[in-house]
Amino acid sequence: MFVVQRHDASSLHFDVRIQVGDVLVSWAVPKGPSLDPRDKRLAHRTEDHPLDYADFEGVIGKGQYGAGSVVVWDTGPFENVTERDGAPVELADALERGHVKVVLHGRKLTGAFAFTHTKVGGDEANWLLVKVDDEGADRRRKPATTQPESVLTGRTNEEVAAEDRHEERS
Ligand code: MN
């Protein structure tokens, strides 16, 4: 499975996570994934997360790393379709080699996406995330900006944060 969490922290970003073995390999994508194959999205590799983090939606408290609200922006199954010289490459191997191609079956994101380890700007953690031009591509629909809500609860980050404050008081 994969999950994308919209994380309204010190700066808004989308945490794109794919299951590799028993962890969620993760990238922080400031602008969020795009369905337009012309867009190159910076994807900053971050720490692996445990699988049970995939359905986390709520507020990370002040003073903690990543303080802010999190919603499950998209989730679903995915397939690894990485190839090298026409032969399939296992995910762990693909990550090591710096080229990962996956087909996402989400509600907002569908079709193939490619992660490439470009180290752009000289930062080892920097990858690029690009939509592969297939039937899931869409040059007009901009889900990262027009569909901010959770696919699990329909809530926005603001609603999650407001509810959290309410719970603290009551
Ligand atoms: Mn984050």
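The values are calculated or read from the model by the stated rules, or taken from the named source; none is laboratory data. Here the structure is a predicted model, which is why all the values come from computation and not from measurement. Positions of Cβ are generated from backbone atoms using ideal geometry, with glycine treated the same way; all protein chains shown enter the neighbour counts. Surface areas here come from the heavy atoms of the whole protein model, side chains and all, with no ligands, DNA or RNA. Shrake-Rupley method; radii C 1.70, N 1.55, O 1.52, S 1.80 Å.
Can you name every residue in region 15-48 that is under 18 Å from PRO77 (Cα atoms), assigned to a strand (DSSP E or B) and under 12 Å from the mean Cα position of the chain (by Cα)?
ASP15, VAL16, ARG17, ILE18, GLN19, LEU24, VAL25, SER26, TRP27
With the checklist (1) touching a residue at least 60 places away in the same chain (Cβ under 8 Å); (2) open to solvent by 40 Å² or more (accessible area, probe 1.4 Å); (3) in contact with a Pro (Cβ under 8 Å, 6 or more places away or on another chain); (4) within 16 Å of the ligand (Cβ to nearest atom) in hand, flag the one item SER11 doesn't pass.
(1)
Quick check on HIS105: is it open to solvent by 70 Å² or more (accessible area, probe 1.4 Å) and within 17 Å of THR82 (Cβ to Cβ)?
Here the answer is yes, as HIS105 does meet what is asked.
Name the pairs: first residue in region 144-166 and under 16 Å from LYS31 (Cα atoms), second residue surrounded by 15 or more Cβ atoms within 10 Å (Cβ to Cβ) and of a type in the set (Ser, Thr, Tyr), Cβ to Cβ under 7 Å, at least 6 apart or on different chains?
ALA144/SER34; PRO148/THR156; GLU149/THR156; ASN157/SER69
Matching residues to (1) away from the ligand (no atom under 12 Å from the Cβ); (2) open to solvent by 70 Å² or more (accessible area, probe 1.4 Å); (3) farther than 20 Å from GLU158 by Cβ:
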| site | (1), (2), (3) |
| --- | --- |
| ASP48 | yes, yes, yes |
| VAL59 | yes, no, no |
| ASP85 | yes, yes, yes |
| HIS99 | yes, yes, yes |
| ALA112 | yes, no, yes |
| THR118 | yes, no, yes |
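How many of the residues in region 61-83 are open to solvent by 80 Å² or more (accessible area, probe 1.4 Å) and either among the hydrophobic types (A, V, I, L, M, F, W, C) or within 13 Å of the ligand (Cβ to nearest atom) (or both)?
The number of residues fulfilling the criteria is 2.
Scanning region 14-46 for residues that are open to solvent by 30 Å² or more (accessible area, probe 1.4 Å) and not charged (D, E, K, R), which turns out nearest to GLY68 (Cα to Cα)?
PRO30
Please go through region 55-74 and pick out each residue that is in contact (Cβ under 8 Å) with a residue 24 or more places away in the chain and either at positive phi or not in a strand (DSSP E or B) (or both).
Once the filter is applied, which keeps residues that are in contact (Cβ under 8 Å) with a residue 24 or more places away in the chain and either at positive phi or not in a strand (DSSP E or B) (or both), region 55-74 yields ASP55, PHE56, GLU57, GLY58, GLY66, ALA67, GLY68.
Looking only at region 112-152, which residues are of a type outside the set (Ser, Thr, Tyr), touching a Leu at 6+ places or on another chain (Cβ under 8 Å) and farther than 18 Å from ASP15 by Cα?
If the condition is that a residue be of a type outside the set (Ser, Thr, Tyr), touching a Leu at 6+ places or on another chain (Cβ under 8 Å) and farther than 18 Å from ASP15 by Cα, then VAL120, GLY136, ALA137, ASP138, ARG139, ARG141 are the ones that fit.
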